[in-house]
Amino acid sequence: MELDYDFMIADLPTVFAGLPNTLLLTAWSLLFAVTLALTLGTVILTGVPVLTQVVIALNTFIKGVPLAVQLLFCYYGMPLLCRWLDGLGVYHHDPRHIPYFWAAVAALACNFGAYLTDVVVSSVRAIDHGQIECAHALGMTRWQTIRRVIVPQGAVIALPGFTNYVIWLLKGTALASLINVSELLIAAQLSAADGYEYLEAYIDAALIYWAVCAGLECAMTKLERRVGTYRRQDVRQAAAISAHGADADDTSSGPSIPSTEPISAVRGATFAHDRAETPTPQPIGA
């Protein structure tokens with residue numbers, strides 16, 4: 001058996017035509033997944049007695065169920081939901097046009113939102129609690145502390161893990177073909193149906209998936225390097241302040257000299273310890 005390279009080249013545009021639906025499915029799923037992760041993560045971090053345990057149990061259950069099972073559950077549950085909404089007068093149910101695209105979005109968003117919840121919780125917990133206490137001591141309100149201290153640092157810490165899950169989500173959209181949602185893999189299957197040249201079509205699909213994931217990873221790597229520039233600046237500023245303190249100890253017999261370090265350097269020293277390493281997301285139940 002030999003590969004039909006002429007078919008692979010000619011079929012590449014046909015398979016590529018399914019990429020817009022894949023990207024659209026990824027974008028909507030990511031939007032709802034981030035919303036779900038922020039909501040569940042906030043509940044866990046606030047520590048509401050009963051609600052926190054319920055959210056942790058729900059999050060663990062979602063992560064324990066395979067994505068294919070969740071897709072099939074939403075596939076068969078979507079007609080029931082449409083009929084229920086039709087009974088309320090909110091949605092006009094047409095049995096011939098059931099929105100299975102949104103069933104796939106719901107399954108993907110729930111599945112990856114559960115994993116992103118771990119990223120949110122672990123990133124916020126990686127911030128030194130002393131910084132939050134300092135913000136309160138400076139007179140910041142709770143909202144100001146979240147906006148100026150927690151969110152900026154938490155976003156930087158969560159970026160590597162978030163990148164991995166976005167790439168994972170993009171590849172996970174291929175399972176949407178189980179419920180007949182048109183995307184890249186479906187386009188490859190349909191294009192190969194006439195000549196039964198499925199291997200060639202799947203190779204085309206694999207190349208397109210690889211190219212998109214590589215481009216996304218490259219863009220996120222550049223963003224991480226840009227953020228890492230500020231991390232390195234903080235470390236250098238902290239080292240400068242430490243050296244200045246050592247020099248001050250050596251000349252303690254003389255008159256005290258007030259520090260001339262800029263305020264930004266002091267702030268850099270405060271946050272350098274927490275930005276030095278990016279923690280690996282741990283299960284929230286641990």
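The values are calculated or read from the model by the stated rules, or taken from the named source; none is laboratory data. Given the structure is predicted, the values throughout are model-derived calculations rather than measurements. We place every Cβ from the backbone using ideal geometry, glycine too, and count neighbours over all the protein chains shown.
When residues in region 53-67 are screened for being within 21 Å of Leu170 (Cβ to Cβ) and either surrounded by 13 or more Cβ atoms within 10 Å (Cβ to Cβ) or at pLDDT below 90 (or both), 4 of them pass.
Pairs meeting the criteria (first residue in region 130-155 and under 24 Å from Val227 (Cα atoms), second residue at pLDDT below 85 and exposed (fewer than 12 other Cβ atoms within 10 Å of the Cβ), beta carbons under 7 Å, at least 6 apart or on different chains) are lacking.
Out of the residues in region 88-103 that are surrounded by 12 or more Cβ atoms within 10 Å (Cβ to Cβ) and of a type in the set (A, V, I, L, M, F, W, C), state the one that is nearest to Ser177 (Cα to Cα). Give the steps one after another, and end with the answer.
Going residue by residue through region 88-103, those that are surrounded by 12 or more Cβ atoms within 10 Å (Cβ to Cβ) are 91, 93, 98-103.
If we keep only those that are of a type in the set (A, V, I, L, M, F, W, C) as well, we get 98, 101-103.
Details: Ile98: 15, Phe101: 10, Trp102: 13, Ala103: 12 Å.
Filtering region 88-103 for residues that are surrounded by 12 or more Cβ atoms within 10 Å (Cβ to Cβ) and of a type in the set (A, V, I, L, M, F, W, C), the one nearest to Ser177 (Cα to Cα) comes out as Phe101.
Every condition in (1) exposed (fewer than 14 other Cβ atoms within 10 Å of the Cβ); (2) in a helix (DSSP H, G or I); (3) modelled with pLDDT under 85; (4) of a type outside the set (Ser, Thr, Tyr) is met by Arg231 except one, and the failing one is (1).
Yes/no matrix, rows are residues, columns are (1) among the charged types (D, E, K, R); (2) surrounded by fewer than 18 Cβ atoms within 10 Å (Cβ to Cβ); (3) on the phi > 0 side of the Ramachandran plot:
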residue	(1), (2), (3)
Pro79	no, yes, no
Asp86	yes, yes, no
Leu116	no, no, no
Ile127	no, no, no
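For (1) in contact with an Asp or Glu (Cβ under 8 Å, 6 or more places away or on another chain); (2) surrounded by 16 or more Cβ atoms within 10 Å (Cβ to Cβ); (3) among the charged types (D, E, K, R); (4) in a helix (DSSP H, G or I), each residue gets a yes or a no:
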{"site": "Lys171", "(1), (2), (3), (4)": "no, no, yes, yes"}
{"site": "Ala176", "(1), (2), (3), (4)": "yes, yes, no, yes"}
{"site": "Ala187", "(1), (2), (3), (4)": "no, yes, no, yes"}
{"site": "Asp194", "(1), (2), (3), (4)": "no, no, yes, no"}
{"site": "Ala201", "(1), (2), (3), (4)": "yes, yes, no, yes"}
{"site": "Ile208", "(1), (2), (3), (4)": "no, yes, no, yes"}
{"site": "Val212", "(1), (2), (3), (4)": "no, yes, no, yes"}
{"site": "Thr221", "(1), (2), (3), (4)": "no, no, no, yes"}
